[in-house]
1. Sorted by packing (mean other beta-carbon atoms within 10 Å per residue), highest first, where do 405-418, 86-99, 179-192, 352-365 land?
2. When you take every Cα atom in the chain, what is the radius of gyration, and what is Dmax, the widest Cα pair distance, in Å?
3. Helix 200-212 against the longest principal axis of the chain: what's the angle in degrees, Cα atoms only, rounded to the nearest 10?
4. How do SER369, SER420 rank when sorted from fewest to most other Cβ atoms within 10 Å of their own Cβ?
5. Using alpha carbon centroids, what distance separates region 429-496 and region 176-246, in Å?
6. With n ≥ 4 as the cut-off for DSSP H runs, can you work out [θ] at 222 nm for the chain, using -39500 (n - 2.57) per run divided by the number of residues, rounded to the nearest 500?
7. Which pairs, out of LYS167/LYS205; LYS235/LYS260; LYS310/LYS387; LYS167/LYS235; LYS205/LYS235; LYS387/LYS428, put more than 23 Å between their alpha-carbon atoms?
8. Using only Cα atoms, find the angle between the long axis of helix 73-93 and the longest principal axis of the chain, and express it within 0 to 90 degrees, rounded to the nearest 10.
Amino acid sequence: MQTALNTPSTPRAVATTPQPQRDTAGSPAGNALAHYQIIRRNGAVVPFEPSKIAIAMMKAFLAVHGTQGAASASVRETVDGLTQAVVRAMVRSRPGGGTFHIEDVQDQVELGLMRGGHHEIARAYVLYRDRRNQERARQGAQEAPAAPLLHVLDRGERVALDVNELKGLIESACEGLGDSITAAPIQAETMRNLYDGVPLDEVYKASILAARTLIEKDPDYTFATARLLLHTIFKEIIGREVMPVERAQAYTDYFPQFIKKGVDNELLDEKLLQFDLPRLGAALKAERDNQFDYLGLQTLYDRYFLHVRKTRIELPQAFFMRVAMGLSLNEVDREARAIEFYEVLSSFDFMSSTPTLFNAGTLRSQLSSCYLTTVPDDLDGIYESIKENALLSKFAGGLGNDWTRVRALGSHIKGTNGESQGVVPFLKVVNDTAVAVNQGGKRKGAVCTYLETWHLDIEEFLELRKNTGDDRRRTHDMNTANWIPDLFMRRVMEKG
């Protein structure tokens, strides 16, 4: 093996690039170090030169022992040995070659001095690094160039990004959430993800994504993220920036227009226009928007809020009032009952089922969560039941079908003098219908099929959800349930 550096005889000699020599201690050969590089603080990548490690160590020894130490053979030998140890340690960490950051190299030098028992030298080296860091920080503060000016596209017009406005928006979202929830990391991550010419809407989306990444560090960031999302929802629906202090009045002005727009687009029942809309609009409590966490508000936006050609027209508190109005249509004092329903819904004291939230106040106000039916044992009845499943699923109803009456595999069919294929082929059609007809376009269709224990197809029925076997006789997208009567369990207990 060859040594990576010469032993300097004078301080000037230390600064020269050493020639590789044979080293019985196992230092890597000079040509082997050609596969290693150093990343400097300015980002430049330069060759790995062990001589510079020796220079740094010698300066640390000189700072402690004075210039006489440079003439000492023992000091030179010590620096040489420490340098070789540092180089070996770094090469071991990346045997096939690689790149080291300058700070990693200096950390290894500190570690080498400490392991060698040179604690006073190590302390001097640490203090030197700290002074240099402070000098670079001061110099950077004095010479730092102005951040590049970013431009955004606002309604097709290219304008400068108002960083202070963005900062104010993020600070407003973090207000009142505690000392641990701060705007700085959100703003920094947002700015890092922007580029010149970015659409303004993408700036707001970037702030939401930046805040969302911090939820795993502190769960309360979910409320800051929800507030940033709320800002974009208001901008989409109202058509302009709406600051938190303006939202109460914005709700009051917007609500009657929302109901009329929903009726005009054939989304809402015309009967909603008969309510005292200004009174209901004044009852909306904008501050309750701050109760949402991010996941809750995002789910409402994605699935529940009414939209016209993918553009949302419904704000959170208007959503709750629309549901309350739909539940109050047949009440005597409709406005009073609607406000009462709104109070319990918007405060999260009570929450209606999903179909009610989807459909209340709309043209097809189907409010039930589940429908249970019994399928008759004839072809017309079977396909009529499948049709009913499709229509009920269309308006967000969950389905439960009892197939016990349908004859089993091999049973006689009088009309054709043939044999039945059993319930399994029909259940495959039911499964595919649930996939084809989702729940109001909001979520997957939900179907559960029931069969009693005594049915002759029960064994094949129990295998419908398996991942093995003939896939034509499998139903992966619906649930199955085996109905077990009390008589069966009594006979099990009595062993027959």
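Bear in mind that the values in this text are calculations on the coordinates, not laboratory data. Predicted model only: the values in this text are computed from it and were never measured. Methodologically, a virtual Cβ is constructed for each residue, glycine included, from the backbone with ideal geometry; neighbour enumeration extends over all protein chains shown.
1. 352-365, 179-192, 86-99, 405-418
2. 37.0, 116
3. Once rounded, one gets 80 degrees.
4. Fewest-to-most Cβ neighbours within 10 Å comes out as SER369, SER420.
5. If you average the Cα positions of each part, the centres end up 46 Å apart.
6. Counting only the DSSP helices, I get -15000 deg cm²/dmol.
7. LYS310/LYS387
8. 20
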